[in-house]
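Single-structure report; data block below.
The values are calculated or read from the model by the stated rules, or taken from the named source; none is laboratory data. Computed from a predicted structure; not experimentally measured. All Cβ positions, even for glycine, are placed from backbone atoms using ideal geometry, and neighbour counts span all protein chains on display. What goes into the accessible areas is simple: the full protein's heavy atoms, side chains included, and nothing from ligands, DNA or RNA. Shrake-Rupley method; radii C 1.70, N 1.55, O 1.52, S 1.80 Å.
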Amino acid sequence: MLNVPTDLPENVRLTDSLHYTNYLVDGHLKEWKGAKAEVRSNILMDENGNPILLGTVPDMDSEAALEALESAVNAFDRGRGAWPTMKVKERIACMEVFAERMIPHREEVVKLLMWEIGKTKSDSYKEFDRTVLYIKDTIEAYKKLDRRSARFDNEDGIWAHIRRSPLGVVLCLGPYNYPLNETFCLLIPALIMGNTAVFKPAKIGILLITPLLQAFADSFPPGVVNVVFGRGRKIAAPIMRTGKIDVLALIGHSSSAVALQDEHPYKNRLRLILGLEANNPAIILPSADMDQAVKECISGSLSFNGQRCTALKVIFVHESIAEEFNARFSKAVDELTYGLPWEDGVFLTPLPEKDKPEYIQSLVSDAKDKGAQVLNTKGGQMSKNYCYPAVLYPVTTEMRVYSEEQFGPVIPIIPFKDIEEPLDAIAASEYGQQVSLFGKETDNIGPLIDILANLVCRINLNSACQRGPDVYPFTGRKNSAVGTLSVFDALRSFSIRTFVATKDSEENKALLNNLTQGDDSNFMSTEYLL
Ligand code: G3H
């Protein structure tokens with residue numbers, strides 16, 4: 001039985017531990033009879049001071065992982081499977097069924113998002129709703145893409161019918177900070193383009209996926225989507241070692257991506273679609289609107305406690321306005337409300353990783369030892385599952401917080417005299433995802449945009465960094481990403497341009513006409529999907 005307070009709001013109360021024993025393979029929920037892994041929530045402690053037990057999930061082994069892989073390989077069937085050869089409109093119909101089957105699980109998934117990763121109630125609802133919208137937008141984007149392909153080209157006497165085909169079998173791994181949304185932003189486009197997939201949920205945020213397994217099983221042909229549970233090195237590494245994975249789709253850390261890539265025996269055949277870590281800076285110019293800069297830097301650095309790849313991880317502030325910015329920013333940080341995810345108005349919430357508060361505090365201590373001050377009164381205050389955001393100033397290159405992606409509540413501020421200083425730092429960084437630039441004067445901002453556009457992939461003017469809206473390209477340079485993931489770009493990333501070509505002759509034209517008008521080929525189609 002659970003040992004949680006009984007006075008919790010009804011919509012978040014857990015009546016019993018959730019012992020999930022299935023995994024999805026070959027279209028069936030199969031019972032796992034082996035070892036189980038505990039799922040604990042760091043947001044509340046039990047009577048022994050440990051994160052409370054929420055339930056258990058399968059702790060699968062390599063044999064079961066390979067069974068799931070075989071199921072995906074068989075469903076693709078070397079390009080002959082029902083799914084990769086299906087008409088586009090039929091694949092879309094399956095995806096529509098899945099979206100409909102997912103919606104009734106909203107409350108359950110949102111509740112588990114709050115318990116498992118500590119995301120606020122409003123952000124948890126946003127994550128669910130954004131994911132459903134992403135599926136619907138993906139369907140519309142695919143119809144549009146398909147409509148553009150419903151034609152023939154004729155160049156140099158060659159007729160061509162050009163479309164996009166799937167790549168094969170995808171291993172899909174998502175992160176704990178968006179365990180639903182970011183994983184589905186990989187899985188959904190991968191599936192709809194005709195690939196088959198093995199999907200392993202993140203290390204935290206696992207139970208929230210379980211209500212959706214039956215919906216997967218009911219919506220797609222057997223083997224198209226397979227869901228396994230367990231540690232990456234125990235189940236993802238053996239899958240990669242077979243060489244049967246065509247696409248590694250991962251949102252997480254580059255170290256995991258590189259380790260998995262290294263397991264694959266045929267690297268040239270492996271397509272990578274990766275969203276990785278980042279170290280997004282804000283640059284506050286003397287002309288910045290101070291209210292706006294403070295507000296955006298708060299949401300940019302501390303939404304979901306800074307546990308976002310797009311979070312502002314360092315703030316460069318011009319020395320002429322540093323004093324005012326620091327005072328106002330520190331005050332704003334201390335005014336943020338901390339509480340449990342379901343409490344109204346909370347902004348800061350417990351950290352889901354057990355060791356994270358200590359790690360954050362170690363970054364603070366290291367910076368203090370090397371000359372930084374904690375500017376805000378509450379900065380660095382520790383509890384069992386939290387370390388209150390510390391505003392550190394002045395941060396220098398020797399401090400760990402300068403080079404380590406904190407992925408948590410600590411904000412380093414660096415003063416600069418010359419704009420070359422932040423520009424040099426960004427150019428030297430291992431990362432190149434986004435930047436936030438605060439200022440008003442076009443003669444300053446214009447030339448900076450021209451340089452920053454070659455160092456990062458999104459320049460946010462007077463606004464925090466963020467991924468959305470999902471129709472915009474989400475990508476990065478250097479260690480921050482491989483491939484691009486907007487709704488539209490993801491369809492391209494998970495497919496390859498493929499075409500049927502023939503020389504211009506009466507016989508061949510008749511053949512093309514017959515192929516598109518008849519029902520003998522699903523690939524050859526000039527049907528307009530509306
Ligand atoms: O963890 C990185 C996410 O892609 C961030 O997305 O900017 O919508 O929070 P977001």
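Which whole-number percent is the relative contact order of the chain (Cα, under 8 Å, 6+ apart)?
Over the chain, the number comes to 18 percent.
Take each of the peptides 417-423, 471-477, 180-186, 202-208, average the number of other beta-carbon atoms within 10 Å over its residues, and list them starting from the highest.
In decreasing order of mean packing, 417-423, 471-477, 180-186, 202-208 become 180-186, 202-208, 471-477, 417-423.
State, to one decimal in nm², a quarter of the convex hull surface area for the C-alpha atoms of the stretch 96-153, i.e. the direction-averaged projected area.
With every direction weighted equally, the projected area is 4.9 nm².
Computing the accessible area with a 1.4 Å probe over protein heavy atoms, can you report the carbon and sulfur percentage for the stretch 432-521?
51
Report, ordered by chain and residue number, the lysines lying within cross-link reach of Lys121, taken as a straight Cα distance under 18 Å and ignoring same-chain residues fewer than 8 apart.
Lys111
Nearest 20 debye, what's the magnitude of the dipole of the chain about its Cα centre given +1 on Lys and Arg Cβ and -1 on Asp and Glu Cβ?
It works out to roughly 960 debye.
Please work out the C-alpha center-to-center distance from the stretch 172-230 to the stretch 400-428 and express it in whole Å.
After rounding, the separation between the Cα centres reads 35 Å.
Round to the nearest 10 and give me the degree value, 0 to 90, for the angle of helix 506-517's Cα axis relative to the longest principal axis of the chain.
Helix 506-517 sits at roughly 60 degrees to that axis.
So what is the accessible area of the chain per residue, in Å², with the probe set to 1.4 Å?
41
Using only the alpha carbons, work out the radius of gyration and Dmax of the stretch 108-192 in angstrom.
18.4, 62
Tell me, what does the Kirkwood hydrodynamic radius of the stretch 1-134 come to in angstroms if you use every pair of distinct C-alpha atoms?
After inverting the pairwise mean of 1/r, the radius is 17.8 Å.
Between Ala327 and Arg231, what is 0.36 nm times their sequence separation minus the Cα-Cα distance? Round to one decimal in nm.
30.1 nm is the gain from fully extending Ala327 to Arg231.
On C-alpha positions alone, give me the angle between the axis of helix 356-369 and the longest principal axis of the chain, in degrees, nearest 10.
50
Set the Förster radius R0 to 22 Å, insert the Cβ-Cβ distance between Glu319 and Asn454 as r into 1/(1 + (r/R0)^6), and round the FRET efficiency to 0.05.
The value I calculate is 0.25.
In µm²/s, what is D for the stretch 275-429 at 25 °C and 0.890 mPa s, where D = kT/(6 pi eta Rh) by Stokes-Einstein and Rh is the Kirkwood radius from Cα pairs?
For these conditions, the coefficient is 158 µm²/s.
Cα-based Rg of the stretch 1-69 per 2.2 N^0.38 Å, rounded to two decimals?
1.38
Over 21 Å between Cα atoms: which of Lys244/Lys267; Lys143/Lys509; Lys295/Lys354; Lys30/Lys234; Lys36/Lys356; Lys87/Lys136 fall into that group?
Lys143/Lys509; Lys295/Lys354; Lys36/Lys356
With everything on Cα atoms, drop me the angle between helix 319-334 and the longest principal axis of the chain, reported from 0 to 90° to the nearest 10.
So the inclination is approximately 80 degrees.
Over the residues of the stretch 70-225, compute the C-alpha Rg and express it relative to 2.2 N^0.38 Å.
Normalised Rg, Cα atoms only: 1.14.
For the stretch 353-480, divide the Cα radius of gyration by the Kirkwood radius and give the resulting Rg/Rh value with two decimals.
1.00
Provide, for q = 0.08, 0.09 Å⁻¹, the log10 of I(q)/I(0) from a solvent-free Debye sum over equal Cα point scatterers in the chain.
With one equal scatterer per Cα and no solvent, log10 I(q)/I(0) is -0.56, -0.70.
Sort the following peptides by mean Cβ neighbour count (other Cβ atoms within 10 Å, averaged over residues), highest first: 286-299, 439-452.
286-299, 439-452
Spin-label point model (7 Å from Cα, Cβ direction): what's the Lys89 to Glu31 distance in nm?
4.3
Starting from the exponent 0.38 and prefactor 2.2 Å, build the expected Rg for the stretch 166-220 from its residue count and divide its actual Cα Rg by it.
Ratio of Cα Rg to 2.2 N^0.38 Å: 1.09.
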